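The values are calculated or read from the model by the stated rules, or taken from the named source; none is laboratory data. Remember, predicted model here, so these are calculated numbers, not experimental data. When we count neighbours, we look across all protein chains shown, and the Cβ atoms used for this are built from the backbone with ideal geometry, even at glycine.
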Amino acid sequence: MTITMKKPANNDHPINEFSRERWSPRAFSGNPVQTRLIASLLEAARWAPSANNEQPWRFIIGFKGDDTWDKLFDTLVGWNQQWAGDAPLLLLVVGQEHYTSNGKKNDWVAYDCGQAMAHITVEATRLGLYTHQMGGFSAEKAVELFEIPEGNKPLAVMAVGYYGNPETLPEEQKEREKASRERKELKEFVFSGKFGEPSPII
Ligand SMILES: Cc1cc2nc3c(=O)[nH]c(=O)nc-3n(C[C@H](O)[C@H](O)[C@H](O)COP(=O)(O)O)c2cc1C
């Protein structure tokens with residue numbers, strides 16, 4: 001039986017259904033994800049835009065039960081380890097910090113890697129999968145465990161899988177799981193004229 005928990009955006013204006021449905025759960029089921037679906041997630045990342053088409057993202061992916069998954073799990077902070085243990089797929093995004101063509105510093109590396117990850121989240125939703133990104137991990141540990149060469153920066157870990165049972169979560173996390181999703185109003189971050197002045201179109 002597939003369990004789902006819907007927490008659609010309470011959007012003020014119409015948006016595409018996958019952006020509306022996407023949210024970051026903590027209750028993952030142990031059900032494995034077919035490799036063809038994982039390939040689609042990575043394909044979505046592949047076609048993300050990037051500065052100079054550098055495609056600075058590199059991914060390290062681990063499947064529950066394998067050595068890579070164990071190492072990725074090891075990098076997570078305690079709070080994230082409390083819930084991510086059932087996720088069948090863990091994925092680390094690493095950004096190459098210099099342009100391949102000329103060796104110059106790429107100021108958009110995190111921006112571009114974030115776009116690739118965002119594409120994964122939307123594709124995952126299309127496939128009935130859930131994603132939860134984590135900044136709460138040790139980049140130093142990742143560098144050490146995966147022998148990541150200098151000039152490549154571990155940026156975030158993502159848990160991917162099917163929805164599980166929220167009742168299995170520790171109390172505090174259970175509450176967060178059930179809480180409504182909140183966002184700023186458009187007028188708080190869309191400006192015209194000068195910074196801080198809400199755009200008249202809002
Ligand atoms: C870069 C980044 C880092 C995050 N780090 C964590 C984390 O370490 N632990 C966690 O539980 N959630 C983490 N999150 C998830 C956010 O808390 C979540 O996306 C946000 O609250 C909005 O909720 P939603 O994704 O369900 O809309 C992170 C998200 C992003 C994009």
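Hey, among the residues in the stretch 113-147 that are under 28 Å from G78 (Cα atoms) and of a type in the set (D, E, K, R), which one's surrounded by the fewest Cβ atoms within 10 Å (Cβ to Cβ)? Walk me through it before giving the result.
Going residue by residue through the stretch 113-147, those that are under 28 Å from G78 (Cα atoms) are 113-122, 124-125, 128-147.
Among the residues that remain, those that are also of a type in the set (D, E, K, R) are: 140-141, 144, 147.
Details: E140: 10, K141: 15, E144: 12, E147: 6.
If we take residues in the stretch 113-147 being under 28 Å from G78 (Cα atoms) and of a type in the set (D, E, K, R), then E147 is surrounded by the fewest Cβ atoms within 10 Å (Cβ to Cβ).
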The stretch 63-84, residues that are outside any helix (DSSP H, G or I) and within 15 Å of the ligand (Cβ to nearest atom): L76, V77
One residue from K6, K71 being touching a residue at least 12 places away in the same chain (Cβ under 8 Å) and buried (at least 17 other Cβ atoms within 10 Å of the Cβ): K71
Among helices (runs of 4 or more DSSP H) entirely inside the stretch 96-202, those with 3 or more residues being at pLDDT 95 or above, away from the ligand (no atom under 16 Å from the Cβ) and out of contact with any Asp or Glu (no Cβ under 8 Å at 6 or more places or on another chain) are 139-146
Matching residues in the stretch 42-62 - criterion: being within 16 Å of the ligand (Cβ to nearest atom) and either free of Cβ contacts under 8 Å to residues at least 40 places away in the same chain or farther than 30 Å from N102 by Cβ (or both): F59
State the number of residues belonging to the stretch 9-40 that are more than 16 Å from the ligand (Cβ to nearest atom), touching a residue at least 12 places away in the same chain (Cβ under 8 Å) and of a type in the set (A, V, I, L, M, F, W, C). 3
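Which residue, of T68, T121, T100, T35, is within 16 Å of the chain's Cα centre (by Cα) and either within 24 Å of F137 (Cα to Cα) or not hydrophobic (A, V, I, L, M, F, W, C) (or both)?
On the way: T68 fails: within 16 Å of the chain's Cα centre (by Cα); T100 fails: within 16 Å of the chain's Cα centre (by Cα); T35 fails: within 16 Å of the chain's Cα centre (by Cα).
Only one candidate qualifies: T121.
Looking at the stretch 148-157, which of the residues that are in contact (Cβ under 8 Å) with a residue 24 or more places away in the chain and either of a type in the set (V, I, T) or over 30 Å from K7 (Cα atoms) (or both) is surrounded by the most Cβ atoms within 10 Å (Cβ to Cβ)?
Let us first name the residues in the stretch 148-157 that are in contact (Cβ under 8 Å) with a residue 24 or more places away in the chain, namely 148, 151-157.
Adding the requirement that they be either of a type in the set (V, I, T) or over 30 Å from K7 (Cα atoms) (or both) leaves 148, 151-153, 157.
On the way: I148: 17, G151: 11, N152: 17, K153: 19, V157: 27.
Applying the filter and picking the extreme gives V157.
Give the residues of the stretch 34-51 that are assigned to a loop (DSSP other than H, G, I, E, B) and in contact with a helix residue (DSSP H, G or I) (Cβ under 9 Å, 6 or more places away or on another chain), sorted by residue number.
Going through the stretch 34-51, the residues assigned to a loop (DSSP other than H, G, I, E, B) turn out to be 34, 47-50.
Residues satisfying the conditions are W47, A48, P49, S50.
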Conditions first: (1) out of contact with any Leu (no Cβ under 6 Å at 6 or more places or on another chain); (2) part of a strand (DSSP E or B). V93 passes all but one, so which condition is the exception? (1)
Within the stretch 3-33, the residues that are modelled with pLDDT of 95 or more and among the charged types (D, E, K, R) are K7, D12, E17, R20, E21, R22, R26
